[in-house]
Structures are given as structure tokens and as C-alpha cells.
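Encoded as C-alpha cells, the structure appears first; notes follow it.
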Amino acid sequence: NAVMLGAGYFNPLTGYMNIADTLSVAEKLQTTSGLFWPVPILNRTDDISAIKNAKRIALRDPNVEGNPVMAIQDIEAIEEISTEQLNTVTENIFTTLDAGHPGATNFLNLGKYVISGPIQVLNFSYFQEDFPDTFRTAVEIRNEIAERGWNKVVAFQTRNPMHRAHEELCRMAHDRLKTDGILVHMLLGKLKPGDIPAPVRDAAIRKMVEVYFPPNTVMIAGYGFDMLYAGPREAILHATFRQNTGCTHLIVGRDHAGVGDYYGAFDAQTIFDEKVPAGALEIEIFRADHTAYSKKLNKVVMMRDVPDHTKEDFVILSGTKVRKMLSEGKDLPPEFSRPEVAKILMGYYQSQAAK
């Protein structure tokens, strides 16, 4: 959260919310002052013994060795959030209190004290050092869009390597919206155990863009945030990030930011109609269906565009099947993944299998 505040992705927020704003955002998607916002942004802890009467505190980085100071916070309030309040917020954001939901479980366990107030961010944790070519602040992306002379830009959110279906989805959005460019914006933070690490994803995406997209149509960037797996609410948060980077559109696909079966396939699209007041967001949504390679038409299509197809007409591989094939050094079908991308992923999976 500190990285995102410092990098301008959470504009116009300047710091962490108090309990009143947290409850208001959870229930009404707006702060007590009326600012539209989809997810509470909090600094929580279980131990306030060292900061009881403090007016300013240093926030240490839990992800870097030695835990250096990464931000300074002015304390406006330290409040205890009740179990009932915490459950209300969690259910509103994640739709469940189920221990099987990684986002809800993580959120419930962040601590019972809420420390609110503005922060001054001093650095961007490990993201700038580990991903110097990819990590960008919202302002840096906005500036680069201007330098490229782009006015209309569609963003694609990804936490995975991009296969043919993702690549073609970006192309479809680019063509149908007639945009000047595409921002492939990858999440560089923590995912679920077993997911592909960010450096491998980064290399695979760069190779795909280099080989298969014309020059100056795709900008690759990353941002320092962890997945919440909050489905529809996170889709609105993702739209807010991209609005802050200067994009005009965001691709929202089937089960965007979802996990398991906690959300309906298109809840992350319909929430923009049902819960986002007119004028609350400038960015528009490109609504996508599941995309896959059609054996009938010899191209990638959106499933809703081909009602005459059956499941057998598509090239679809489960994540488990993909991992197994790559670990065993078997090539993925070229209809599913570009060979250059598959080669990078195969190198990673074989190195894992050899451990």
C-alpha cells in the first residue's frame, strides 16, 4: 500500500483510512467525505505498545533485509477495529469469510489496530531495484504515454505470463476501440503459492511483445502490489490504477481478479453498471469474454462471438496440464502459446523440477 500511495496509483488518497472511512468504503464504495473508492487502504497492526502517544512514526519495509524505513506516517488516530466490523468489511469486499479464500483470510489477520493518517513515501521497496526496466510509477507511465503521442490507450492487467488468448485479446481491444496503444501492466507483488515468479513472467511478456507486436503499439510496465483476489471490487481498483496512469480503457475479462468459485463469471463487469455512480470514473471498460483458439476458424476468438462452437472446437489447456507439459519438456500447442514464450516458461519449470 505504501508503494502504491507513493507511486501515485492511489491518487487522490494521501494516506491510510480510519475505521469510519473503512466501513463507508466497504458498504457504499465511498469515503465519509464522498470520495468514490472501492477497497479500504489500511495500516493495521496487533502491537501498538511502542507508538501509543506518537504523532509521527516510521514505517519499516517487511520485504527488504534489515527492514529499512520506507515511509513516514503522521498519526491522526489509532483505533481498535471490532471483530464484527472486520467481518462486515471482509464480507463486503470479498463476499465471504471462508478460510479457503486467500484474500479474505489475509485481510482478517492483518491486526486489530487501525493507524490512520497521511504518509510520506521515501522509496519503492524492492521493486525499483529488482525490476528497473519494468517498475513504473503512475506518473512515469502518464509521461511516457504523452511522449509516445498516444491519446487513447487500453490497459491489460496481468498476473500471469501471456498466452495466445491474452495476446489476441489485447489486439482485439486495440482494434475495436481504435486505440493508439496498449499498456501491458503486470503485477510485480505477491501471488498465490505455485504461481510463476515475476521475473519469469516479465521475460515471457517482453519476448511476446518483441516478436508479435508492431513497434510502438505496446508499452510494458509493472506495479508494486499484491493480489487481493477481491474479484469485482478489485476490478474497480484496477480501473482506478489505470486511470491514474492516463489510460482511457481497461480490459475486464471473465472472473477478473477472481479465485476459486467465489464470484460469478462476469460480476467484475456488471459491478461497473451497478455500483459505480455516473462520473465517478473517467476510464471506460472493455468487456471481454473468455478467449481461446478456435480449430474451426483457425484463430483466437471470444467464446461469446461463436455460439455455434462446442468445447471440442477450442484449444484449451488447464494450468495443471500446462505446468506438467512444460516440466516434462513437451512443447505447448502453438495455438495455445507462442513457442518463444513457451521456451522461457519451460526453462523455469524444468529448473523447478530439477530441485
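The values are calculated or read from the model by the stated rules, or taken from the named source; none is laboratory data. Being a predicted model, the structure only gives us computed values, none of them experimental. Note that we place each Cβ from the backbone using ideal geometry, even for glycine, and neighbour counts take in every protein chain shown. Ligands, DNA and RNA are stripped out before the accessible areas are found, and what is left, the full protein with its side chains, is counted by its heavy atoms. Shrake-Rupley method; radii C 1.70, N 1.55, O 1.52, S 1.80 Å.
Between residue 222 and residues 5 or more places away or on another chain, which pairs have amide H atoms under 5 Å apart, with H built 1.01 Å from N, and which residues are they?
Long-range HN contacts for residue 222: 135, 136, 186.
Over the Cα atoms of region 253-355, what radius of gyration and what Dmax do you get, in Å?
Spelled out, the Cα radius of gyration and Dmax of region 253-355 are 17.7, 54 Å.
Could you tell me the largest-minus-smallest coordinate of the C-alpha atoms of region 126-222 on each of the three principal axes, in descending order and whole angstroms?
Result for region 126-222: principal-axis Cα extents of 38, 30, 21 Å.
Using a 10 angstrom cutoff on alpha carbons, build the Gaussian network for the chain and name the most mobile of 260, 189, 117.
Evaluated over the chain, the most mobile residue of the options is 260.
Report the accessible area of residue 323, computed with a 1.4 Å probe over the heavy atoms of all protein chains in place, in Å² rounded to the nearest 10.
Approximately 100 Å² of residue 323 is accessible to the 1.4 Å probe.
Using alpha carbon coordinates only, what is the Rg to Rh ratio of region 58-110, with Rh defined as the Kirkwood radius?
1.10
Using only the Cα atoms of the chain, what do you get for the radius of gyration and for Dmax, in Å?
That works out to 20.9, 69 Å for Rg and Dmax.
Explain nothing, just compute: Karplus ³J(HN,Hα) = 6.51 cos²θ - 1.76 cosθ + 1.60, θ = phi - 60°, for every residue of region 40-57 in order, whole Hz, x for Gly and Pro.
x, 10, 10, 10, 10, 8, 9, 10, 10, 4, 7, 10, 3, 10, 6, 9, 9, 9
Using alpha carbons only, how many degrees (0 to 90, rounded to 10) separate the axis of helix 164-177 from the longest principal axis of the chain?
It is inclined by approximately 80 degrees.
Zone of residue 282 (label point 7 Å along Cα→Cβ, backbone N under 14 Å): which residues in region 112-144?
Taking a point 7 Å out along Cα→Cβ of residue 282, the residues of region 112-144 whose backbone N falls under 14 Å are 139, 142-143.
Can you give the accessible area per residue of region 261-355, in Å², using a 1.4 Å probe?
Values: 5660 Å² over 95 residues.
Computed with neighbouring chains in place, this is 60 Å² per residue.
Once you put a point 7 Å from the Cα of residue 87 and another 7 Å from the Cα of residue 195, both along the Cβ direction, what distance in nm separates them?
Between residue 87 and residue 195, the simple spin-label model gives 2.9 nm.
Carbon and sulfur together cover what percent of the accessible area of the chain at a 1.4 Å probe radius?
The value for the chain is 48 percent carbon and sulfur by accessible area.
If one takes the longest principal axis of the Cα atoms in the chain, at what angle in degrees, from 0 to 90 and to the nearest 10, does the Cα axis of helix 231-244 lie?
Its long axis makes an angle of about 90 degrees.
Per residue and in Å³, how big is the convex hull formed by the alpha-carbon atoms of region 187-343?
Spread over its residues, the Cα hull of region 187-343 gives 146 Å³ apiece.
Show that you can apply the helix-only estimate: for the chain, add -39,500 (n - 2.57) for every DSSP H stretch of four or more residues, divide by all residues, and state [θ] at 222 nm to the nearest 500.
Counting only the DSSP helices, I get -10500 deg cm²/dmol.
From the phi angles alone, apply the Karplus equation (6.51, -1.76, 1.60; θ = phi - 60°) to region 259-271 and give each ³J(HN,Hα) in whole Hz, x where the residue is Gly or Pro.
8, x, 10, 6, 10, x, 3, 10, 4, 6, 8, 5, 4
With a cut-off of 8 Å between alpha carbons and a minimum separation of six or more residues, what is the relative contact order of region 1-148 in percent?
Relative contact order of region 1-148: 32 percent.
Mind listing the phi-derived Karplus ³J(HN,Hα) values for region 6-19, rounded to whole Hz, using 6.51, -1.76 and 1.60 with θ = phi - 60°, and x for any glycine or proline?
With the stated coefficients, region 6-19 comes to x, 8, x, 6, 9, 3, x, 5, 10, x, 8, 7, 8, 5 Hz.
For the chain, find the longest principal axis of its Cα atoms and tell me its angle to the long axis of helix 138-147, 0 to 90°, nearest 10.
50 degrees
Taking 7 Å along the Cα-to-C-beta vector as the label spot, tell me the residue 96-residue 122 distance in nanometres, rounded to one decimal.
4.0 nm
Not counting the cut sites, what is the longest span of the chain without GluC sites (Glu not before Pro) that DSSP labels loop and that have at most 16 other Cβ atoms within 10 Å?
Segment 77-281 is the longest.
Show the residues, 5+ positions off or on another chain, whose built amide H is closer than 5 Å to the amide H of residue 70.
59, 60, 61
So what's Rg/Rh here for region 48-170, counting alpha carbon atoms and using the Kirkwood radius for Rh?
1.05
Report the label-to-label distance for residue 47 and residue 299 in nanometres (one decimal), using points 7 Å from each Cα along the Cα→Cβ vector.
Placing both labels 7 Å along Cα→Cβ, they lie 6.0 nm apart.
Compute, for residue 324, the solvent-accessible surface of its heavy atoms (probe 1.4 Å) with the complete set of protein chains present, and express it in square angstrom to the nearest 10.
It works out to around 120 Å².
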